[in-house]
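The structure appears below as structure tokens.
The values are calculated or read from the model by the stated rules, or taken from the named source; none is laboratory data. This one's a predicted model, so the numbers in the text were calculated from it and none came from an experiment. Backbone-built Cβ (ideal geometry, glycine too); neighbour counts: all protein chains shown. The accessibility values were calculated without ligands, DNA or RNA, using every heavy atom of the protein model including side chains. Shrake-Rupley method; radii C 1.70, N 1.55, O 1.52, S 1.80 Å.
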Amino acid sequence: MNMKKLYLIGVLFLLLVGFVGCDKKEGQVTDSEKLCLYLNSGNINKTIPIINEFLAGLPNSNSFSEDEQNLQALAKWLKSNSCVIDVTVLCVSCIKTLPEQSEVSFSFQEGEITQLVTLDISMSKPLKAGICSVIEESNVTLKNTESYSRTFVVGDEEGALIIYQAQHYEKSELVRDESTNMNVEYRYKPTTDFVGNDNVGLEVYYNKTGEDVSVYIETVRINFTITK
């Protein structure tokens, strides 16, 4: 084999390695992208391992001021994610458990739905997060001849209830049977002559199990604007 052929083989090999390396780099998903993907797909529990990975990289704290600095670092990191609207450190070591817990809340929006997530932060070494609560508010516009439905994916030991009922409805109910694949579905239809505003409040109970997930209640408020 002459030198020219060896040279061409070497060039082709280098190009192949370069293409494979570029493909791998382009296929990688960052933690920020994962966090937003999970938030926007309703898999809030799956954000907890990502948040805890960030917390594990913070320095161990030995004072209240260092605790506060770490929580502010968490708030700054959460706010840096494109899907997060606002972040607030609610309190530092305000829950007198062992270890003490702090609370941090953040909000995000997808379409007409705004959600506020409150995290319990265990002031352990390293810090560790869990979901305290989720509050969601959405706005829906429909004609008084139309119906609305929304499905909540829940497990066998999870469920939902109406905490305050709509006022101007022909149908406002939760359904869980074979037609919903045993998930919980909320169904609403306004009275046919009603025009104006209506709303309903729901609580969805998530009883997740596993090392990196949390048990929490999601409070859902749906605001209806009914037109002709």
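Things worth noting here:
- Checking each residue in the range 165-190 for being in contact with a Lys or Arg (Cβ under 9 Å, 6 or more places away or on another chain) and closer than 30 Å to Val215 by Cα picks out Ser172, Glu173, Leu174, Val175, Met182, Asn183, Val184, Glu185, Tyr186, Arg187, Tyr188.
- Residue check, Leu55 among the aliphatic types (A, V, I, L, M), in contact (Cβ under 8 Å) with a residue 12 or more places away in the chain and open to solvent by less than 50 Å² (accessible area, probe 1.4 Å): yes
- Pick from the range 155-175, criterion open to solvent by less than 30 Å² (accessible area, probe 1.4 Å), part of a strand (DSSP E or B) and modelled with pLDDT of 95 or more, ranking: farthest from Ile222 (Cα to Cα): Val175
- Looking at Ser41, Ser138, Ser61, just one residue is under 30 Å from Lys228 (Cα atoms) and among the small types (Gly, Ala, Ser), and that residue is Ser138.
- Filtered residues of the range 120-167 (kept if free of Cβ contacts under 8 Å to residues at least 60 places away in the same chain and either touching a helix residue (DSSP H, G or I) at 6+ places or on another chain (Cβ under 9 Å) or hydroxyl-bearing (Ser, Thr, Tyr) (or both)): Ser122, Ser124, Thr145, Ser147, Ser149, Thr151, Tyr164
- Here Ser149, Ser133 are screened, and the one residue that is part of a strand (DSSP E or B), open to solvent by 30 Å² or more (accessible area, probe 1.4 Å), of a type in the set (S, T, N, Q) and at pLDDT below 95 is Ser133.
- Among the numbered conditions (1) open to solvent by less than 70 Å² (accessible area, probe 1.4 Å); (2) within 18 Å of Val215 (Cα to Cα), the only one that Lys46 does not meet is (1).
This table checks each residue for (1) of a type in the set (Asp, Glu); (2) at pLDDT 85 or above; (3) closer than 30 Å to Asn223 by Cβ.
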{"residue": "Asp23", "(1), (2), (3)": "yes, no, no"}
{"residue": "Asn40", "(1), (2), (3)": "no, yes, yes"}
{"residue": "Ala56", "(1), (2), (3)": "no, yes, no"}
{"residue": "Asn70", "(1), (2), (3)": "no, yes, no"}
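- Breaking point among (1) under 21 Å from the mean Cα position of the chain (by Cα); (2) part of a loop (DSSP other than H, G, I, E, B); (3) at pLDDT 95 or above, for Val104: (2)
- Matching residues in the range 64-120 - criterion: being open to solvent by less than 80 Å² (accessible area, probe 1.4 Å), within 18 Å of Ile44 (Cβ to Cβ) and in contact with a Cys (Cβ under 7 Å, 6 or more places away or on another chain): Asn81, Cys83, Glu103, Phe108, Thr118, Leu119, Asp120
- Those residues of the range 176-204 which are within 24 Å of Tyr216 (Cβ to Cβ), of a type in the set (Val, Ile, Thr) and surrounded by fewer than 19 Cβ atoms within 10 Å (Cβ to Cβ), in sequence order: Thr180
- Residue check for Leu142: outside any loop (DSSP other than H, G, I, E, B) and farther than 24 Å from Gln72 by Cα: yes
- Val220 falls short on exactly one of the conditions (1) closer than 16 Å to Asn139 by Cβ; (2) open to solvent by 20 Å² or more (accessible area, probe 1.4 Å); (3) among the β-branched types (Val, Ile, Thr), and that condition is (2).
- Which numbered condition Glu112 misses (of (1) in contact with a strand residue (DSSP E or B) (Cβ under 8 Å, 6 or more places away or on another chain); (2) at pLDDT 80 or above): (2)
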